[in-house]
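Working notes, structure below.
The values are calculated or read from the model by the stated rules, or taken from the named source; none is laboratory data. Remember, predicted model here, so these are calculated numbers, not experimental data. We place every Cβ from the backbone using ideal geometry, glycine too, and count neighbours over all the protein chains shown.
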Amino acid sequence: MNSTPRPIDAAAVYRRLLGYARPHWGMFLIGVVGMVMYAAVSTITAWFVKKFLNAAFVAQNLEVLRYVPIGIILLFLLRGVGDFLANYFPGWVGRQMIKAIRADLFAHYLRLPTAWYERDSTGPMLSRLTYNTELVADAATNSATVLIRDSLTIAGLVFYLFWLNWRLAAFAMLAAPVIALLVRSVNQRFRRYSTRIQNSMGDVTRLAKEAIDAHRVVKVFNAQEHMQAAFESANELNRHSNMRLISARSSSNPVVQLIAALGLASVVYVAIRQVEGGAMLVGDFLGFLTALLLVPEPLRRLVSVSGPLQQSIAAGAGIFEVIDAPGEPEGGTRRLARARGEVEFRGVGFTYDTEKGKVLHDINLRVAAGTTVAIVGRSGSGKSTLVSLLPRFYDPDTGAVLLDGVDIREYRLSDLRSQISLVSQEVVLFNDTIRNNIVFGAQGIEAGDVDAAAHAAYVSDFVAELPQGLDTEVGDRGLLLSGGQRQRIAIARALLRNSPVLVLDEATSALDTASERHIQEALDKLVRNRTTFVIAHRLSTVEHADLIVVMQDGAIIEAGTHTELVAGSRVYAQLHQLQFNV
Ligand SMILES: Nc1ncnc2c1ncn2[C@@H]1O[C@H](COP(=O)(O)OP(=O)(O)O)[C@@H](O)[C@H]1O
Ligand SMILES: [Mg+2]
């Protein structure tokens, strides 16, 4: 989803971006006052030149020239204050905007439907949050400042030019439409390249993230060169697209300046004829010339602002695409404080991708409250998919999943999810203390509860040796934990949550038999009095389940207790033989 540029409604995007600035309009207004001050200085300068020269050379009053140095100082003072206000306050507003947009985006990253995370890779998602938001602020601050301040400057100067000599001014304005056309075509190119740059930034971030996350795999497969090559092409594409932008920008300026210079030369030619003919005073002529010479610089800035502006519109479009994406459905309205834990899959069919076909076929499975059901089967048979329907990571295409006899879609989503704990093979620990990792998100917890959970999950065993105990940091900056230790933290988390439904998706597959045995005791405590789904490869861990179902190609092909299946089934009996009799 990242390579095809979509048509962008620039005006709509810009309006929405301005929406983020709206709460701070007062601060921005102070900035605008600064811009007006700054802009006024240009026109006042031209007026000064005219006044002083007419007084000194036409009226022969050299006294007035004494005031020139003071005038210079005052003008620069005014301009300096204006400059400060025009930069500081819009800058302030810009940072507020970045913060607000980041907050919105992050909030969406927490609420997007599961499928989104699988479709869009992490790199682009991260670069939107870091890179795009910065570009957007540029529109709000620098670009808006330039846009307002320099348009005002030019407007003031043009007004003054017409006031001094409208014929001459009208003649000078002939260059305007040519410049406008040029700016327009440059704008269009800018937007196109900006979208490309953003996409390539996403690729750069993604590749870097992959290389960092998978550093061990990269090393052991000697894949450095392969990764380097992939990075090189993304990096080069990024450079190339940026170069297109730079060349558009650097060539547009000289062309605009050249057109302006041609206009200026013709105007000066005509003006000198007028002065010679006595139709214009020398001061008026030089005032006119000064005003005219002051136009190209703000004009240059105004032309080059289109670059950042187009970039930020493209960046904003990338952000709003996420913000506009529908989040997860809220679910129904039915409240659920604590479920009994009876779960039923009734005629459930599910497809991830219509091209790849059905992943689950007509699943019918009833699990009585407080019992344990084991799901076994080859990898790819649909076990994880089946349990991922429970917390509504996905919804079935046909049939329904019921909790306590009610379709789970009728419950409020947060109520439903608070009934379910999930422990999977890969334990994600957050960069925080062990205690906070156990508490993670649970509400109304007392310190004693955490200690009890840590004790029951045998977390206390390895934590006891740590100087800061449960308050030791884990993750990047702290302690490195073994797979078994991480697993025990996950179990403590689930124990503390104390939810009526528990899903163990290959929760112990990463462990060796010895650590598994150790964790088994913790697990035995965990499954007590809960409806538990256990997915496991090692059949020894599922033998005692109340019910064992065997899945194959998305369907349940056998079901029964261990004794029944060993005696009467084909697939389970075969699996069992493979694991124990070889
Ligand atoms: N997020 C996904 N998007 C698309 N297809 C998926 C996704 N997850 C799993 N699959 C496919 O669905 C099938 C069942 O996968 P899964 O439920 O993970 O099996 P198991 O847990 O039994 O190994 C597999 O063919 C797998 O390729
Ligand atoms: Mg699985």
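Which residue, of 53, 78, is buried (at least 17 other Cβ atoms within 10 Å of the Cβ), in contact (Cβ under 8 Å) with a residue 12 or more places away in the chain and either among the small types (Gly, Ala, Ser) or closer than 30 Å to residue 160 by Cα (or both)?
Numbers: 78 fails: buried (at least 17 other Cβ atoms within 10 Å of the Cβ).
Of the residues listed, the single one that is buried (at least 17 other Cβ atoms within 10 Å of the Cβ), in contact (Cβ under 8 Å) with a residue 12 or more places away in the chain and either among the small types (Gly, Ala, Ser) or closer than 30 Å to residue 160 by Cα (or both) is 53.
So, in the stretch 386-423, of the ones that are of a type in the set (Val, Ile, Thr) and surrounded by 19 or more Cβ atoms within 10 Å (Cβ to Cβ), which residue ends up farthest from the chain's Cα centre (by Cα)? Show your work before the answer.
Taking the stretch 386-423 first, the residues of a type in the set (Val, Ile, Thr) are 387, 398, 401, 406, 408, 420, 423.
If we keep only those that are surrounded by 19 or more Cβ atoms within 10 Å (Cβ to Cβ) as well, we get 387, 401, 408, 420, 423.
Numbers: 387: 29, 401: 33, 408: 31, 420: 29, 423: 28 Å.
Checked the stretch 386-423; the qualifying residue farthest from the chain's Cα centre (by Cα) is 401.
Checking residue 286 against (1) within 36 Å of the chain's Cα centre (by Cα); (2) in the same structural domain as residue 264 (by TED's automatic domain parsing), which single condition isn't satisfied?
(1)
When you check residue 550 against the structure, is it in a strand (DSSP E or B), under 19 Å from residue 572 (Cα atoms) and modelled with pLDDT of 90 or more, yes or no? Steps first, please.
Numbers: in a strand (DSSP E or B): yes; under 19 Å from residue 572 (Cα atoms): yes; modelled with pLDDT of 90 or more: yes.
In short, yes.
Against the condition more than 20 Å from residue 318 (Cα to Cα), more than 16 Å from ligand 1 (Cβ to nearest atom) and in contact (Cβ under 8 Å) with a residue 60 or more places away in the chain, how does residue 58 come out, does it pass? Write out each step before concluding.
Details: more than 20 Å from residue 318 (Cα to Cα): yes; more than 16 Å from ligand 1 (Cβ to nearest atom): yes; in contact (Cβ under 8 Å) with a residue 60 or more places away in the chain: yes.
So residue 58 fits the description; yes.
Of all residues in the stretch 530-582, which are farther than 27 Å from residue 352 by Cα, in contact (Cβ under 8 Å) with a residue 12 or more places away in the chain and of a type in the set (Val, Ile, Thr)?
Selection gives 541, 542, 561.
At pLDDT below 95, away from ligand 2 (no atom under 16 Å from the Cβ), β-branched (Val, Ile, Thr) and surrounded by fewer than 17 Cβ atoms within 10 Å (Cβ to Cβ), is that true of residue 445?
Values: at pLDDT below 95: yes; away from ligand 2 (no atom under 16 Å from the Cβ): yes; β-branched (Val, Ile, Thr): yes; surrounded by fewer than 17 Cβ atoms within 10 Å (Cβ to Cβ): yes.
Yes.
Of the residues 534, 501, which is surrounded by 18 or more Cβ atoms within 10 Å (Cβ to Cβ), away from ligand 2 (no atom under 16 Å from the Cβ) and modelled with pLDDT of 85 or more? Talk me through it step by step, then tell me what you get.
Details: 534 fails: away from ligand 2 (no atom under 16 Å from the Cβ).
The unique qualifying residue is 501.
Here is a check on your reading of the model: is residue 298 assigned to a loop (DSSP other than H, G, I, E, B) and not acidic (Asp, Glu)? Reasoning before the result, please.
Working: assigned to a loop (DSSP other than H, G, I, E, B): no; not acidic (Asp, Glu): yes.
No: the conditions fail for residue 298.
State which residue pairs qualify: first residue closer than 16 Å to residue 204 by Cα and inside the stretch 220-238, second residue β-branched (Val, Ile, Thr) in any location, beta carbons under 7 Å apart, and separation of 6 or more residues or different chains.
If the second residue must be β-branched (Val, Ile, Thr), the pairs left are 224/218; 227/218; 234/204; 235/204; 238/197; 238/204.
Filter the stretch 342-392 for residues that are among the small types (Gly, Ala, Ser) and near ligand 1 (Cβ under 7 Å from one of its atoms); which is nearest to residue 501 (Cα to Cα)?
Just the residues of the stretch 342-392 that are among the small types (Gly, Ala, Ser), to begin with: 347, 349, 357, 368-370, 374, 377, 379-382, 384, 388.
So of that shortlist, the ones also near ligand 1 (Cβ under 7 Å from one of its atoms) come out as 377, 379-382, 384.
Details: 377: 22, 379: 23, 380: 24, 381: 22, 382: 20, 384: 15 Å.
Here the answer is 384.
Which pairs have Cβ atoms under 6 Å, sit 6 or more apart or on different chains, and link a residue in the stretch 411-437 that is within 16 Å of ligand 1 (Cβ to nearest atom) to one that is of a type in the set (Asp, Glu) and not in a loop (DSSP other than H, G, I, E, B)?
Pairs found: 424/505.
Please determine whether any residue of the stretch 426-434 is of a type outside the set (Lys, Arg), within 16 Å of ligand 2 (Cβ to nearest atom) and buried (at least 19 other Cβ atoms within 10 Å of the Cβ).
yes
Among helices (runs of 4 or more DSSP H) lying entirely in the stretch 112-214, which contain 1 or more residues that are among the hydroxyl-bearing types (Ser, Thr, Tyr), over 23 Å from the mean Cα position of the chain (by Cα) and away from ligand 1 (no atom under 16 Å from the Cβ)?
Values: elements: 114-119, 122-127, 133-138, 144-164, 166-172, 176-213.
Correct list: 144-164, 176-213.
Could you tell me whether any residue of the stretch 33-40 is farther than 30 Å from residue 206 by Cβ and not in a helix (DSSP H, G or I)?
First, pick out the residues of the stretch 33-40 that are farther than 30 Å from residue 206 by Cβ: 33-40.
Now restrict to residues that are not in a helix (DSSP H, G or I): none.
Looking for residues that are farther than 30 Å from residue 206 by Cβ and not in a helix (DSSP H, G or I), one finds none in the stretch 33-40, hence no.
Looking at (1) crowded, with 17+ Cβ neighbours inside 10 Å; (2) within 16 Å of ligand 1 (Cβ to nearest atom), which is the only condition residue 328 fails?
(1)
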